[in-house]
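Okay, structure first, notes after.
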Amino acid sequence: MARIQTLTDSDWIEVVAPEWEALHRGSHSATPFHSPAWLRAWSETVGRRFRPEVWLIREGNDLVGMFPLTRTQAPWVALRSMASGMSDLLHPLAAPGYEQVVSAAIRDRVAELEGVHLLDLHQIRADHPLADLANPDEIKPQAECPVLNLPATFEAYLATLSKSLRTDVNRGLKKNPEIRTVSDGSDPVELLEQFFDLHGRRWKKRGLPGAFGFKRVREFHRSFVRKAAPEDLWLSVFRHEGEPIGAIYALRTGGQVSFYQSGFSPDHRALCPGSVLIGWTIRRAIEEGCHTFDFLRGAEPYKLRWKPQQVVANLRWMRHSRPGWGRFALAVNQAEARIEARIRQRLEGRGLVG
């Protein structure tokens with residue numbers, strides 16, 4: 001029978017690191033946001049002010065699941081997904097064949113929680129077993145994620161695209177663009193700084209900081225790219241006449257590539273740097289035997305142009321377990337979720353990839 005071991009000390013990463021690495025590498029449900037590199041970087045930067053509460057699901061002595069959470073104390077006690085906001089997928093990590101066992105153990109633990117006013121679990125894929133076990137009244141849509149199932153060849157994939165997009169991609173790739181990436185030995189921090197600059201340009205035109213406009217966020221990503229395995233970090237920069245004009249921040253886990261963010265120079269829109277980079281990355285994924293290209297949060301029109309076969313919902317599970325503060329905390333978080341959804345709908349997805 002599965003049991004849950006809880007880690008709350010600041011050294012929790014070192015306690016579980018070897019088992020965690022093996023679980024992440026072997027799990028079918030693993031994403032970049034479950035990786036030791038991602039959560040270690042978060043804990044050392046943005047997460048320094050959060051108290052960890054990490055649930056390890058064991059069968060006997062074997063680690064078969066993991067669910068990293070944080071606990072906040074004021075003004076109410078809340079249990080939340082670790083690295084929410086930074087991460088696009090936050091379902092539990094489970095060993096192959098243990099997805100149901102891990103989800104059931106988490107459901108049972110949630111039912112018996114004491115001293116917690118609010119449970120707030122973010123970005124759970126709708127097709128994950130945990131989504132089926134939650135009370136339907138407590139789990140709501142949080143984001144839509146387009147997912148592309150990759151064919152055997154890039155040529156077969158190109159044939160599915162619109163004529164205009166196919167022309168842009170073909171024209172750009174036939175020019176043999178200069179694309180620097182971590183796999184060719186380029187410095188990941190240098191590539192990241194160029195990405196920050198390119199991503200920020202489009203937001204500056206709107207008078208907004210963008211997703212990477214805050215110091216702690218940039219510190220987190222600098223820490224992460226230093227820790228990430230080169231084969232998993234698909235951070236690439238498109239250069240034209242020696243100048244960076246486009247960048248893509250993608251991450252690989254097993255046979256899946258996740259599109260995290262991109263940026264391009266508005267002054268070079270005619271060269272379609274964003275479209276060329278996405279096409280180049282999808283081609284690389286196919287050539288390296290990957291089966292899925294996940295566009296992650298946001299079903300924006302520019303993502304749908306790439307013909308993903310499905311749009312999967314991410315869900316947010318919120319419940320209060322105590323009256324008074326619990327009910328108030330739930331109402332506040334539900335209101336914040338509605339505001340966040342309206343802001344994302346208004347700001348994202350319009351002309352963000354050239």
Output the number of the condition that Ser186 fails; it satisfies all remaining conditions of (1) polar (S, T, N, Q); (2) more than 30 Å from Met82 (Cα to Cα); (3) surrounded by 13 or more Cβ atoms within 10 Å (Cβ to Cβ); (4) in contact with a helix residue (DSSP H, G or I) (Cβ under 9 Å, 6 or more places away or on another chain). (4)
Among the numbered criteria (1) small (Gly, Ala, Ser); (2) modelled with pLDDT of 95 or more; (3) crowded, with 17+ Cβ neighbours inside 10 Å; (4) under 30 Å from Gln310 (Cα atoms), which one does Ala152 miss? (3)
Are any residues in segment 256-298 under 15 Å from Lys175 (Cα atoms) and hydroxyl-bearing (Ser, Thr, Tyr), and if so, which ones? Ser275
Of the criteria (1) closer than 19 Å to Asp197 by Cβ; (2) touching a residue at least 40 places away in the same chain (Cβ under 8 Å); (3) under 17 Å from the mean Cα position of the chain (by Cα), which one Arg239 fails: (3)
Within segment 207-220, the residues that are among the aliphatic types (A, V, I, L, M) and at pLDDT 85 or above are Val217
Looking at Glu53, Glu112, Glu59, which is the one that is out of contact with any Leu (no Cβ under 8 Å at 6 or more places or on another chain) and in contact (Cβ under 8 Å) with a residue 40 or more places away in the chain? Glu59
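Can you tell me which residue is surrounded by the fewest Cβ atoms within 10 Å (Cβ to Cβ) among those in segment 1-36 that are of a type in the set (S, T, N, Q) and under 27 Å from Phe259 (Cα atoms)? Even if it seems obvious, please write down each step before you answer.
First, pick out the residues of segment 1-36 that are of a type in the set (S, T, N, Q): 5-6, 8, 10, 27, 29, 31, 35.
Then drop every residue that is not under 27 Å from Phe259 (Cα atoms), which leaves 27, 29, 31, 35.
Details: Ser27: 23, Ser29: 21, Thr31: 24, Ser35: 23.
The qualifying residue surrounded by the fewest Cβ atoms within 10 Å (Cβ to Cβ) is Ser29.
Of the residues Gly246, Gly274, Gly254, Gly263, only one is in the same structural domain as Lys175 (by TED's automatic domain parsing), surrounded by fewer than 24 Cβ atoms within 10 Å (Cβ to Cβ), in contact (Cβ under 8 Å) with a residue 60 or more places away in the chain and small (Gly, Ala, Ser); which?
Values: Gly246 fails: surrounded by fewer than 24 Cβ atoms within 10 Å (Cβ to Cβ); Gly274 fails: surrounded by fewer than 24 Cβ atoms within 10 Å (Cβ to Cβ); Gly263 fails: surrounded by fewer than 24 Cβ atoms within 10 Å (Cβ to Cβ).
Selected residue: Gly254, the only one of Gly246, Gly274, Gly254, Gly263 that is in the same structural domain as Lys175 (by TED's automatic domain parsing), surrounded by fewer than 24 Cβ atoms within 10 Å (Cβ to Cβ), in contact (Cβ under 8 Å) with a residue 60 or more places away in the chain and small (Gly, Ala, Ser).
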Looking at Ile124, Ile179, which is the one that is surrounded by 15 or more Cβ atoms within 10 Å (Cβ to Cβ), in the same structural domain as Pro96 (by TED's automatic domain parsing) and either touching a residue at least 12 places away in the same chain (Cβ under 8 Å) or not in a helix (DSSP H, G or I) (or both)? Ile124
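Among the strands (runs of 3 or more DSSP E) lying completely within segment 232-279, list those that include at least 3 residues that are among the hydroxyl-bearing types (Ser, Thr, Tyr). Quick ask: steps written out before the conclusion?
Details: elements: 233-240, 243-253, 256-264.
Ranges flagged: 256-264.
Can you tell me which residue among Ser236, Ser258, Ser223 is polar (S, T, N, Q), farther than 21 Å from Gly85 by Cα and at pLDDT 95 or above?
Working: Ser258 fails: farther than 21 Å from Gly85 by Cα; Ser223 fails: farther than 21 Å from Gly85 by Cα.
After applying the criteria, what remains is Ser236.
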What number of residues in segment 80-109 are outside any loop (DSSP other than H, G, I, E, B) and crowded, with 21+ Cβ neighbours inside 10 Å? 10
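Within segment 130-176, count every residue that is assigned to a helix (DSSP H, G or I), over 19 Å from the mean Cα position of the chain (by Cα) and hydrophobic (A, V, I, L, M, F, W, C). Steps first, answer last, please.
Within segment 130-176, the subset assigned to a helix (DSSP H, G or I) is 130-133, 136-138, 154-158, 163-174.
Next, only the ones that are over 19 Å from the mean Cα position of the chain (by Cα) stay: 132-133, 136-138, 154-158, 163-174.
Going one step further and asking which of them are hydrophobic (A, V, I, L, M, F, W, C), we end up with 133, 154, 156, 158, 165, 169, 173.
Residues in segment 130-176 being assigned to a helix (DSSP H, G or I), over 19 Å from the mean Cα position of the chain (by Cα) and hydrophobic (A, V, I, L, M, F, W, C): 7 in total.
The values are calculated or read from the model by the stated rules, or taken from the named source; none is laboratory data. Just so you know, these numbers come straight off a predicted model, no measurement behind them. FYI the Cβ positions are ideal-geometry reconstructions off the backbone, even for glycines, and counts take in every protein chain you see.
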